[in-house]
Amino acid sequence: MNKISLENCFTAGELASLFGISKQALLYYDRIKLLCPDFISDNGYRHYSINQYLDLEIIVNLRSLNIPISDIKEYLEHRNKTEFIKQLEKKRAECQSIIKENERIMASIDFIEENMAQHKNLPLGQITVSWREERLLRLTHVLNTDNGKKRISKFARHSQMVFHNRGFINKQAGWILDQKDFFENGNFNCSQAFFSFSEHQKGHYKVARTPLPMGLYLELYFKGTYSAQASLLKEKISDFMQRNDFAPCSKIYVLPIENHWLNEDTNNYINLIFLQVQSTKSI
């Protein structure tokens, strides 16, 4: 290369400074054949022509849009207006997908914070009876022969199927106990199914659904683990129903409200136990 043409070239340092990038970036672009120097002198200096300046202008600006280097390389090899618009629309679609995902995350955060705010006013230790409209449950049934590991595996699969790609929205999942086992047999830890509330009729095809009928429901929020409190819960609920002329008419439902996510001390866990009841005065 003659002296005149060499004087019209940029060294790697000069070209890098024009675009506010490092010389290492230019070396990387050379290594991957994205932008190679027009000439390397005997002393090892890289020299870039005006045309390469123009190519680097495209590279730097497309990288500022986070367009992948592989796409930029393809565009430089087939540059035209149609391909340029195609690159922009491809990036637009990617951005819209990211926005949608961030909106989902924000909705989950809003739900968590709103839900936690409601927990501050829970009537801990107080039994209430109120009318509930019909709700839909998603169920995963458990066999009596299932051991602890098998039950945990089913619970995990239930959670994954029910809440697939839905973040934290309504992400509580509890378990169902037989009424006779709970009140008469003292068999407090033999759950029949795992459940979660469903707001929609449609969902994962492997998760069974059943309506939780409208009616009067006895509810009790309590602190600690269910296993540690079960016997006391049974006595407290039985005593309340006897004194207020109620009888159980459904299975027993236990739903964690605050657990290991928010507390290291199991004594600070919060759970809800509820069941449908009917007045014995009308029986």
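In this structure, does Asn147 turn out to be without any contact (Cβ under 8 Å) to a residue 24 or more places away in the chain and not assigned by TED's automatic domain parsing to the domain that holds Phe197? In short, no. Summed over the stretch 120-162, residues that are more than 30 Å from Asp239 (Cα to Cα) and of a type in the set (Gly, Ala, Ser) total 4. Of the residues making up the stretch 243-279, those that are within 19 Å of Asn189 (Cβ to Cβ), polar (S, T, N, Q) and loosely packed, with under 15 Cβ neighbours inside 10 Å number 3.
Here Gly13 meets the list (1) part of a helix (DSSP H, G or I); (2) closer than 26 Å to Ser70 by Cβ almost entirely, failing just condition (2). Are any residues in the stretch 254-267 over 17 Å from Asn115 (Cα atoms) and touching a residue at least 40 places away in the same chain (Cβ under 8 Å), and if so, which ones? Matches in the stretch 254-267: Val254, Thr266, Asn267. Say whether the condition of being assigned to a helix (DSSP H, G or I) and of a type outside the set (Val, Ile, Thr) is met by at least one residue in the stretch 34-48. Scanning the stretch 34-48, I find no residue that is assigned to a helix (DSSP H, G or I) and of a type outside the set (Val, Ile, Thr), so the answer is no.
The values are calculated or read from the model by the stated rules, or taken from the named source; none is laboratory data. All figures in this text were calculated on a predicted structure; none of them were measured in a lab. So basically every Cβ, Gly included, is an ideal-geometry build from the backbone, and we count neighbours across all protein chains shown.
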